Amino acid sequence: MTQISVRVDGVNYTDDVEPRTLLVHYLREQLGKVGTVVGCDTSNCGACTVHLDGEAVKSCSVLAVQADGRAVTTIEGIAQDDGSLHPMQKAFHEQHGLQCGFCTPGMIMAAIDLVHDNPDPSEHEVREGIEGNLCRCTGYQNIVRAVQAAAADMRGAAHATATEPAGAPA
Amino acid sequence: MTVTEDRPGDLPERTLPEDTAPAKEVGRPRRRKEDARLITGRTTWTDNMVLPGMLHLAILRSPMAHARIRSIDTGAAREAPGVVAVFTGRDLADEQGGLFTVWTVTPDMVRPDHPSIAVDQVKHVGEAVAIIAARSRAAAQDALELVDVDYEPLPVVLDMEQALAEGAPLTHDHLRSNESFHFVFDSGQAGTGANVEETFANAEVVVSRRFVQQRLIPAFMEPRAVVVQPQGDTFTLWSSTQVPHIVRTVLALTTGIPEHKLRVIAPDVGGGFGGKLQVIPEEVLCLLVARRLGKPVKWNETRSESLMSGHHGRDQIQYIDVAADREGNLTGIRARLLNDMGAYLRLVSPGIPIFGAFMFGGAYKVPAYRFDCTGVFTNKTPTDAYRGAGRPEATFAVERIMDELAVELGMDPLELRRRNWIKTDEFPYTTSAGLEFDSGDYDTATDMALELVGYDELRAEQQRRREARDPVQLGIGFSTFTEMCGLAPSRVLGTLNYAGGGWESASIRMLPTGKVEVVTGTSPHGQGHETAWSQLAADRLGVPFEDVEVLHGDTAISARGLDTYGSRSLVVGGAAVVNAAEKVVAKARKVAAHLLEANEDDLEFSNGKFAVRGTPGSELSIQEIAFATFSSHNWPEGMESSIDADATFDPVNFSYPHGTHICAVEVDTETGGVTIRRYGSIDDVGVIVNPTIVEGQIHGGVAQGISQALYEEAVYDEAGNLTTGTFVDYLLPSAADLPAFLTGNTVHAAPGNPVGAKGVGEAGCIASTPAVVNAVLDALRPLGVSDIRMPMTPERVWRAIQEGGDGGDRATAGSNAYGGAQTETTAGVSTPESSLGGDR
């Protein structure tokens, strides 16, 4: 057993893990973060995607010990404290970017990272950018719409933050 | 290399109406109620379940396609850390019963015993041979390595045609052959159409082809999982299934656990596509182990387990002949199929080809019709339902052969179709296969689809590229399909020897505060029933959409149901909701009359309120009546204190969605690469309850059909190992592999149900595959290419271009003896190469 300290969705955890434990199994089985799911054994499907220090990773191909001293954000940690949804969550809902919803946590986490890197992605760039996340239900079209809609929303929010004087009404 | 001229930079504009408040819920693009938990990770996937003392099961699976089990040494595994128990097939032989097949398609159908865990022999790679129960998932997995199985290899048969040959190895050595059943429908014999032999003997043109429907894997995103909690002599089973009600009944019959002692729950289920229309060995095994150990157990499969042991789909060899006159009027179609059942018959395996048996005539008027199908055993994973289940196979064959006939006749493929399809004023139309097609307008759907994709411009560009000998050629393919949905009239299922019925059930509970619970017997796993059923109930009851909660997927809550598959849920289950709502309104009307001191006949009901005609202000809402029911202080004499209602709906006919799908592809003749340039569809799925959900279903279905044409195939090596056993090898398309879809609808209400819906779950998947293949061939026919086997990989496309014809595929398949790209144009010839050839 190896001891690790990890900050997950804003909470600090210190736990003993087997060195072979995958991050996704640590999240699901030790922390109960079952919002993050496992869809394959070969890191193809991306259903387990989380953020490690702000970068999207497939948590099935990261060992829990590699997360020691780092911050993990899962699908359960991206909404605001007041419960209001992240723009990407909102856009997936608005654009019908999910059907069964199993790929959705990973898809949303991958898409947030994509938009951080490229705030205004074209359809083609979105399609290439989420290539590592498989969905069997939607045919991807509404996922692409959702990512572009969220990107616009996030740009607007960033713009508002940058230009509005402090104390401006929300 | 020519650069694409007009690849759109943005996704097509939505053609959906705005989400403003129309008077009715039906037709409104409501955002889904289901999403809230799914986008936040607050889900109840079966694998999320944790129960006190729960043990984790891991299953050792056969690496042999056919072998006798000489011995199994579990000693080391039993001693491994964390292991609580190990079971083999022999340990469970007395209690495991046999897995069921509920569709007896012919009276003499051969149905081999199918134990959930192998006892003496294994018949395919992936069959369960031992179970580890351990304190953790990891400990159970580790112990699998310690089980030592001594196998005696037996001869393997994998190819359907070889399996039927004289002297072939037997999949089941106590049987006489590898044939499970031979089902024939003949319009002449049935009296539903013309004499088939005479039609073909007298035909001016006969075109014969052999098509292969490759083996596919449903590949739902959520791996299957089962949790069982034993409590005394009762058991609760959670399973990632499409069919909790069927699972309950069949498990009771299989294990002997009385049905009333077994509760089955399908919580959030991550996709199915027919792959979870099954009663799986692992459900039986989890029950048996939980019963033996008296402990809760969980089994959750790995993806490689899923691809190897979950049932597969398609896997059909099709010999299809079409007869016509020189003007292009169809006179007959006959199809002869071999369908690989794999090693065993699963829940509805033999019924899958039969579900397409009456659809090989497609949307066309075909005077003579014959269908002939042989189910074949091989040492492979069993096949069963996969999205479309029999109808994609039929649609592919007819839509492909229409193009082949058009080439033979020198006709435009669309003109040939128009000439033969059923006209709007001919509905209801009884086909020579004996089906009554309900409604539609194939001309309008086609005209709209042509407009949608910009057909004339595409044809002009195709011409330019041909003339310029552009290395990238353009092709356009059609699929003017129809399908049968709405499973199913119970009486029809009875005539087909299906064990169950086809009705669906709904209950509506009016809660004291006026809120509404709709309990449905359908079991959604991505289709959005919670949203759409809320819309149906809100309209019929006149209550707010938000005040309705839809409950499903738990046999203790939804007592009666037949679950979700075959595009049946809205058509049959939605209709049951409507029927239940009408009963509630009828009961509430009696209460309203009593409380308003009026005659029932003087009450009008609209927007959820009963009002006395001609007496302004005298009204009661149905939600107020719900509270009056709760208190029952002032209640009509002789009426029970409830306005709740149960209802079922059993359709009298199937429903027949139809549409026109047009695909334009670019084919790089130097690399064999195929790119979808444009894809457009106009679908008629009847009345649309939620256009957003309908659009999503079409997108997803089209994607899966495209994927059959271009990407997916389950491949076995010569020893019977699945070589596409992970997502590295089994190619599911990513967003980068698929185009944007242009979609639209015509609406002809289905006359057979009160919703007017026809079903949409499978339409896209049924329609799209032949449209893609026809498009690729349309691009390459000038280069001498006549056919390309699916999936049309760059290598296959390139070979076809290099070698002409079908790229040598038939020669390598060794099947020219009774099939192949033959065209008979002499009147009176019915060749042994055709579908009725005596090949066995």
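The values are calculated or read from the model by the stated rules, or taken from the named source; none is laboratory data. What you see is a predicted model, and the numbers here were worked out from it, not measured in a lab. Every residue, glycine as well, gets a Cβ built from its backbone with ideal geometry; the counts of neighbours run over all protein chains shown.
Of note:
- Selection of first residues in the range A:5-26 that are surrounded by fewer than 12 Cβ atoms within 10 Å (Cβ to Cβ) and of second residues that are of a type in the set (S, T, N, Q), restricted to Cβ pairs under 6 Å at least 6 apart or on distinct chains, gives the following pairs, ordered by first then second residue: A:Thr14/A:Ser5; A:Asp16/A:Gln3; A:Pro19/A:Thr2.
- Selection within the range B:679-701 - acidic (Asp, Glu) and facing chain A (nearest Cβ under 9 Å): B:Glu695
- Residues in the range B:377-402 that are among the acidic types (Asp, Glu) and under 16 Å from B:Lys365 (Cα atoms): B:Glu399 only.
- Complete set of residues in the range B:177-226 that are part of a strand (DSSP E or B), aliphatic (A, V, I, L, M) and touching an Asp or Glu at 6+ places or on another chain (Cβ under 8 Å): B:Val184, B:Val205, B:Val206, B:Val207, B:Leu216, B:Ala225, B:Val226
- Verdict on A:Gln66 being out of contact with any Lys or Arg (no Cβ under 8 Å at 6 or more places or on another chain), outside any loop (DSSP other than H, G, I, E, B) and in the same structural domain as A:Asp53 (by TED's automatic domain parsing): yes
- Filter result for B:Gly673 (out of contact with any Cys (no Cβ under 6 Å at 6 or more places or on another chain), of a type outside the set (A, V, I, L, M) and crowded, with 19+ Cβ neighbours inside 10 Å): no
- Selected residue (only one of B:Ala394, B:Ala385 is under 30 Å from the mean Cα position of the chain (by Cα) and not in a helix (DSSP H, G or I)): B:Ala385
- Restricting the range A:114-153 to residues that are touching a residue at least 60 places away in the same chain (Cβ under 8 Å) and surrounded by fewer than 23 Cβ atoms within 10 Å (Cβ to Cβ), the residue that is nearest to the other protein chains (Cβ to nearest Cβ): A:Gly132
- Breaking point among (1) outside the structural domain of B:Gly434 (by TED's automatic domain parsing); (2) over 30 Å from the mean Cα position of the chain (by Cα); (3) in contact (Cβ under 8 Å) with a residue 24 or more places away in the chain, for B:Ala168: (3)
- Positions within the range A:79-94 being crowded, with 24+ Cβ neighbours inside 10 Å and more than 9 Å from chain B (Cβ to nearest Cβ), in sequence order: A:Ala91
- Answer residue from the range B:416-440, given it is closer than 23 Å to B:Gly188 by Cβ and among the polar types (S, T, N, Q) and is surrounded by the fewest Cβ atoms within 10 Å (Cβ to Cβ) among those: B:Thr430
- Of the residues making up the range B:35-57, just one is more than 7 Å from chain A (Cβ to nearest Cβ) and among the acidic types (Asp, Glu), namely B:Asp47.
- The set of residues in the range A:9-30 being over 12 Å from A:Ala64 (Cα atoms) and among the hydrophobic types (A, V, I, L, M, F, W, C) consists of A:Val11 alone.
- Which numbered condition A:Glu76 fails, given (1) in contact (Cβ under 8 Å) with a residue 12 or more places away in the chain; (2) at the interface with another protein chain (Cβ under 7 Å from one of its Cβ atoms); (3) closer than 21 Å to B:Gly700 by Cβ: (3)
- Verdict on B:Thr101 being surrounded by fewer than 18 Cβ atoms within 10 Å (Cβ to Cβ), among the polar types (S, T, N, Q) and under 17 Å from B:Val376 (Cα atoms): no
- Residues (over 26 Å from B:Pro29 (Cβ atoms), modelled with pLDDT of 95 or more and in a loop (DSSP other than H, G, I, E, B)) located in the range A:79-129: A:Asn118, A:Pro119, A:Asp120
- Scanning the range B:216-244 for residues that are within 14 Å of the chain's Cα centre (by Cα) and away from chain A (no Cβ under 14 Å) yields a single hit, B:Val243.
- Taking the range B:443-544 as the region of interest, the strands (runs of 3 or more DSSP E) fully inside it that hold 1 or more residues being in contact with a Pro (Cβ under 6 Å, 6 or more places away or on another chain) are B:472-482.
- Residue within the range B:463-473 that is surrounded by fewer than 24 Cβ atoms within 10 Å (Cβ to Cβ) and within 29 Å of B:Val747 (Cβ to Cβ) present: no
- Criterion violated by A:Gly156 - all others in (1) modelled with pLDDT of 95 or more; (2) more than 7 Å from every other protein chain (Cβ to nearest Cβ) satisfied: (1)
- Residue among B:Ala736, B:Ala719 that is out of contact with any Ser or Thr (no Cβ under 8 Å at 6 or more places or on another chain), part of a helix (DSSP H, G or I) and surrounded by fewer than 22 Cβ atoms within 10 Å (Cβ to Cβ): B:Ala736
- Which listed residue is polar (S, T, N, Q) and in contact with a Lys or Arg (Cβ under 7 Å, 6 or more places away or on another chain), from B:Asn339, B:Asn420: B:Asn420
- Residue in the range B:559-573 that is among the β-branched types (Val, Ile, Thr) and outside any loop (DSSP other than H, G, I, E, B) present: yes
- Residue that is surrounded by the fewest Cβ atoms within 10 Å (Cβ to Cβ) [pool: residues in the range A:34-71 that are at positive phi and within 13 Å of chain B (Cβ to nearest Cβ)]: A:Ser43
- Tally, over the range B:691-716, of residues that are in a loop (DSSP other than H, G, I, E, B) and in contact with a His (Cβ under 8 Å, 6 or more places away or on another chain): 1
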